[in-house]
Each structure stands twice: as C-alpha cells, then as structure tokens.
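Take a look at the structure below.
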Amino acid sequence: MASTVSDRPGYGQLLRTPGAWTFLLPGFAARQPFAMLTIGIVLLVQHTTGSYGSAGAVAAVTGVAMALFAPQTGKLADRFGQRAVLLPGVLVHAASVSALTALALADAPLWALFVAAVPTGASVPQVGPMVRARWAAVLGAAPGREASPLLSTAAAFESVTDEFTFVIGPVLATALCTGVHPAAGLATEAALTLAGGLIFAAQHRTQPAVRTAPSGADRRHASALSVPGVRVLAVAFLGIGAVFGGMQVSLTAFAEEVGRPGVNGLLYGVFAAGNMLAGIACGAIAWKSGPRRRLLVGYTALTLTASGLWAMHSVPLLAGLGLLVGLSIAPALISGYTLVEALVPGSARTEAFTWLTGSVALGQAAAVTVAGRLADAHGASTGFLVPLVGTVLALITLMTLRSRLSPTAPGRTVARGIGHRKPVTVD
C-alpha cells in the first residue's frame with residue numbers, strides 16, 4: 001500500500017515507511033563489499049605483477065562481466081524473486097573471489113586471472129537495485145496509480161547509502177591491503193558479501209511480488225532495455241562509471257607518484273564524501289524542476305569539474321577538485337534513478353536498475369583499463385583524462401536524445417510485454 005505523504009516529503013518520513021528498516025540495514029551490509037572489489041583487485045594485482053595496466057585489465061574484466069550479467073540477474077529477480085537469485089549468487093561470488101585471490105598470490109599468468117575475474121564479476125550481488133525495487137514496492141509505485149512523492153527521496157537516500165559505502169569501502173580496502181596483507185581487502189570483501197547477502201535474502205516480507213512472465217512471442221520483448229529512455233540513461237551512466245574507474249586507478253597512481261600510497265584511500269574518500277553530501281541535499285530539497293532537467297544540469301556540472309582533474313599536481317588541490325566532482329555526481333545519479341520510476345513499470349524495474357548499475361560497472365571497467373595503461377606509460381595525470389572523455393561523450397548523448405527521457409502518452413505501450421504507464425512530469 002502506498003504511504004500517505006505530505007507536500008514536502010523528507011528522510012524522516014521515508015524512514016518511517018512500514019517495513020523499511022527490515023531491508024535497509026541488511027541491504028547496507030550486503031552492498032558494502034561492492035565498493036571494495038575494484039580497488040581490492042587493483043591493489044592486489046598491482047602488488048603481484050608490478051603493473052597498473054595489468055591490475056586495471058583484471059578489474060576491467062570483472063566490471064565487464066558484471067555489466068553483462070547484472071541485467072539478467074535483475075530480470076531473473078523480477079521473475080522468480082530476489083531470494084532465489086541472491087542465495088546462489090553470493091555463494092558463487094565468495095568462491096570466485098577466493099579463487100582469484102589465490103591465483104594472484106601464486107603468480108599465475110595474466111590469462112588465468114582474467115578467467116577467474118569473469119565469475120567474480122558475473123556473480124556480484126545486485127543488492128542496490130534490489131533495495132531500490134523494494135522501495136518502489138513499499139511506496140506503491142505501479143502503472144495506472146499515482147507514485148508516492150517519497151520515491152524521489154528514496155532515490156536520493158539510496159544514492160547517499162551507495163556513496164557512504166564508497167566512503168568506507170575504498171578506505172577500508174586500502175588500509176587492509178597496505179597495512180595487513182595485499183590480499184586482505186578481497187578476503188574481507190568475500191566474507192562480507194556472503195554474510196550480508198544471506199541476511200538480506202532472509203527478509204521475505206518486503207520482497208517485491210513475483211510478476212507473471214509474458215507468454216508466447218511477447219516474452220522476448222519483455223526487457224526494460226526496450227524502453228528508449230532506459231537506453232539513454234544507460235549511456236549516461238557509462239560516463240559516471242568512467243569517473244569512478246578513472247578516479248580509482250589514477251588516484252592510486254598519483255599517491256604512488258608523490259610517495260604517499262596511504263593517501264589514496266583518503267583522496268577517494270573525499271571524492272565519495274562529496275557525492276554523499278550532495279545526495280543528502282538532493283533528498284532534502286523540494287524540487288520544482290523535474291528529474292530530466294536536473295539530470296542535464298547535474299551532468300553538465302560533472303563534465304566541467306572532471307575537466308580539471310588532469311591538471312592537479314598536489315594532494316590538497318586534487319582533494320578539493322575531487323570533492324567538487326563528487327558533489328556533481330549525486331544529482332545525475334539520483335535524477336537518473338528517479339526517471340526509471342516514470343519510464344518503467346514494476347514488472348521490469350529491478351532489471352532497469354541493474355542495466356544502470358551494469359552501465360556504471362562497464363564504464364568503470366573501460367576506465368580502469370585505459371587509465372591504468374595511461375598511468376603506466378605517461379603518469380597519473382594522463383589517467384585523469386579518462387573521466388573527462390567519458391563524461392563529455394555521455395553528455396553529448398544526453399543532450400541529443402533528451403526527448404526520449406519523457407514517459408509515453410496515456411494508453412501507449414512503453415515496451416511490448418512489460419505494461420503501460422501513466423504520464424509523469426519529468427521537466
């Protein structure tokens with residue numbers, strides 16, 4: 001049942017939603033390891049091979065595998081339920097991370113690390129999209145019914161939660177890898193994934209209802225990606241992934257160049273903290289402009305701030321600009337996820353969220369590969385060109401295809417096989 005809300009919904013009202021805390025706390029624990037995975041791989045493989053390019057390539061394979069398999073995981077969760085997908089997923093992921101770690105420590109050839117990286121990425125549990133789908137379910141978002149104003153607040157809250165994990169995760173992984181053992185970051189990631197995922201999967205009551213799959217010829221069309229706006233958002237989120245991946249590798253290389261490897265986690269934490277603070281502000285503001293306009297403005301700001309990263313040559317300057325880049329990411333992320341509520345019906349919503357998450361992972365995978373090789377060949381500053389190029393290309397796509405981010409007119413099919421939508425204001 002939809003919640004009764006005031007004209008100015010806020011975090012307090014959101015957190016009083018019946019059943020919310022039963023999936024929020026385990027959901028936070030279960031998604032925490034995701035923020036540790038890429039940086040844990042980069043630090044371990046760089047330690048064993050001595051190459052940022054090789055480390056970035058292994059992390060990239062993980063990201064590509066996640067990007068390819070995450071939407072299928074989302075579709076299966078929509079069809080069979082989150083628990084049915086999550087339980088085997090966390091077991092496979094823990095085993096795959098353990099195998100990748102063992103191979104790296106045994107100085108296995110690079111191709112063997114690539115092979116182990118595929119199931120590691122493919123099995124990353126899609127807890128963030130699953131939590132977002134639970135919010136949509138408990139807040140009553142459904143075709144033909146007015147969505148709760150709290151959905152935008154929920155999108156902001158989830159962005160804050162994601163970025164809080166990216167404040168903690170890289171710092172924790174870096175501290176473990178540099179202070180305990182190069183493999184400690186990945187070992188902790190595997191353990192937390194297993195424990196958090198099992199606890200989250202046990203929360204039955206707030207799991208979205210399983211939808212009956214379309215029959216016959218329509219089944220092959222029942223994909224969230226058949227919605228034009230989702231495809232545009234997926235491209236936009238590739239650019240956001242390029243920022244995350246480029247920052248992770250380039251900050252690591254920069255910290256090594258200045259002789260202060262321990263500052264890497266701090267620099268990335270400042271960047272992620274900016275994202276988290278902006279997310280808090282976005283959820284607290286009663287917006288008069290629609291999510292499409294906010295997406296375009298936020299993405300423009302992200303592109304402009306990312307354009308100066310390559311020129312920063314001191315820790316304080318890089319930290320300051322990194323904070324501004326982080327502040328610009330949250331409005332774009334939140335607006336994109338909010339648009340999904342208007343564009344996609346509940347029967348395909350988890351899949352839609354995983355397409356966006358997968359796009360971030362794919363952009364991050366490409367970025368860590370390119371930035372790693374640039375850092376090896378020309379220094380850390382050239383690696384920072386990757387976020388700039390990624391955001392510029394994505395912004396051009398957004399500006400050109402922004403009309404596709406509007407919901408369809410009343411009574412028109414959004415995507416064959418996944419239902420109809422009531423128009424929602426997005427400007």
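Things worth noting here:
- Qualifying positions in region 246-265 - within 23 Å of Gly63 (Cβ to Cβ) and of a type in the set (Val, Ile, Thr): Val249, Thr252
- Of all the criteria given as (1) modelled with pLDDT of 80 or more; (2) open to solvent by less than 30 Å² (accessible area, probe 1.4 Å), the one not satisfied by Gly19 is (1).
- Scanning region 62-103 for residues that are surrounded by 17 or more Cβ atoms within 10 Å (Cβ to Cβ), in contact (Cβ under 8 Å) with a residue 60 or more places away in the chain and aliphatic (A, V, I, L, M) gives Val64, Met66, Ala67, Ala70, Ala77, Leu86, Val90, Ala94, Val97, Leu100.
- Within region 369-392, the set of residues being among the aliphatic types (A, V, I, L, M) and either modelled with pLDDT of 80 or more or open to solvent by 10 Å² or more (accessible area, probe 1.4 Å) (or both) comprises Val370, Ala371, Leu374, Ala375, Ala377, Leu385, Val386, Leu388, Val389, Val392.
- Residue in region 156-167 that is open to solvent by less than 50 Å² (accessible area, probe 1.4 Å), in contact with an Asp or Glu (Cβ under 9 Å, 6 or more places away or on another chain), at pLDDT below 80 and of a type in the set (Ser, Thr, Tyr) present: no
- Residue within region 290-311 that is open to solvent by less than 10 Å² (accessible area, probe 1.4 Å), among the aliphatic types (A, V, I, L, M), closer than 30 Å to Leu76 by Cα and part of a helix (DSSP H, G or I) present: yes
- Residue count for region 112-132, restricted to those that are of a type in the set (Ser, Thr, Tyr) and open to solvent by less than 10 Å² (accessible area, probe 1.4 Å): 1
- Being more than 18 Å from Ala65 (Cβ to Cβ) and at pLDDT 85 or above is a property that Ala142 lacks.
- Restricted to helices (runs of 4 or more DSSP H) entirely inside region 46-141, those with at least 2 residues that are touching a helix residue (DSSP H, G or I) at 6+ places or on another chain (Cβ under 7 Å) and of a type in the set (Lys, Arg) are 127-138.
The values are calculated or read from the model by the stated rules, or taken from the named source; none is laboratory data. All figures in this text were calculated on a predicted structure; none of them were measured in a lab. All Cβ positions, glycine included, derive from the backbone under ideal geometry; neighbour counts span all protein chains shown. Ligands, DNA and RNA are stripped out before the accessible areas are found, and what is left, the full protein with its side chains, is counted by its heavy atoms. Shrake-Rupley method; radii C 1.70, N 1.55, O 1.52, S 1.80 Å.
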